[in-house]
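Engineer: Pasting a structure here, questions to come.
The values are calculated or read from the model by the stated rules, or taken from the named source; none is laboratory data. Remember, it's a predicted structure, so these values are computed and weren't measured experimentally. Neighbour counts run over all protein chains shown; Cβ positions are idealised from the backbone, glycine included. Side chains included, ligands, DNA and RNA excluded: accessible areas come from the protein's heavy atoms. Shrake-Rupley method; radii C 1.70, N 1.55, O 1.52, S 1.80 Å.
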Amino acid sequence: MMMKRLLSLGAAALATLVGGCGDGPSTVPGGTRSPAAWSSFIYATSPGPLLLEVRGASLDTASPARLARAIAEALAAGIPARPFTLTTNAAAAAKPNFRIVVVVGAAPNLDERAICAGRATMETARIEAAGRIDLIATFCDGESLLSSVRGWVAKIDGVDDRRFRLLINQIARELMGEPP
């Protein structure tokens with residue numbers, strides 16, 4: 001298990017170094033991943049949709065609803081072996097205590113634990129046209145952080161850009177981890 005973790009961290013570091021030379025997408029898993037992340041994901045999505053909260057900066061001319069829809073579709077497509085849906089409506093979520101929170105334009109010092117606990121100051125950078133977009137995604141159980149991922153991509157053409165979708169796909173896989 002420890003060797004697998006070291007290889008995973010090494011691969012993430014290598015991806016960051018290689019990805020740093022281009023326009024991304026690139027992701028780095030958060031420092032802590034609960035061993036219960038995958039099983040919590042299965043538990044939360046088995047009876048119905050998982051709650052999604054999208055916060056932060058606007059992306060191009062997309063409305064907040066369009067941005068949330070694009071992120072929800074890309075997150076669900078990121079784990080094709082486990083079909084699931086997402087909703088931005090807490091009343092429609094099967095287990096609203098479990099949720100994914102995505103912060104678009106996230107400041108580098110934004111604390112993932114504070115996002116889940118509702119104490120995060122959502123200072124976000126304005127995203128310029130064709131600029132770099134930084135994201136933080138957290139998987140929360142109430143106020144507790146189960147896992148987190150930081151990612152970025154640059155020079156995209158909006159929410160429909162293939163590389164933006166690839167970034168969100170990659171975030172989904174890293175956020176939930178691998179099945180046991």
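Engineer: Given A154, C140, G177, which one lies farthest toward the positive end of the charge dipole of the stretch 139-180, if we put +1 on the Cβ of every Lys and Arg and -1 on the Cβ of every Asp and Glu?
Structural biologist: After comparing all options, I get A154.
Engineer: Further question: Between A36 and A57, what is the label-point separation in nm under the 7 Å Cα-to-beta-carbon projection?
Structural biologist: 3.5 nm
Engineer: Ok, one more. If we sort 27-36, 169-178 on the protection proxy, mean other Cβ atoms within 10 Å, highest first, what's the order?
Structural biologist: Final packing ranking: 169-178, 27-36.
Engineer: Taking the Cβ of P49 as the centre, find all other residues whose Cβ is under 15 Å away and add up their charges (Lys, Arg: +1; Asp, Glu: -1). All intermediate terms of the calculation are to be shown ahead of the outcome.
Structural biologist: Working: positive: R69, R82, K95, R99; negative: E53, E73.
With Lys, Arg at +1 and Asp, Glu at -1, the net is +2.
Engineer: So, one more: Leaving out ligands and nucleic acids, note down the accessible area per residue over the stretch 21-180 with a 1.4 angstrom probe, in whole Å². Could you put the intermediate results ahead of the total?
Structural biologist: Details: 7510 Å² over 160 residues.
Counting only protein heavy atoms, the per-residue value for the stretch 21-180 is 47 Å².
Engineer: Amide H neighbours of T88 under 5 Å, counting only residues 5+ apart in sequence or on other chains, H built in-plane at 1.01 Å?
Structural biologist: Long-range HN contacts for T88: L52.
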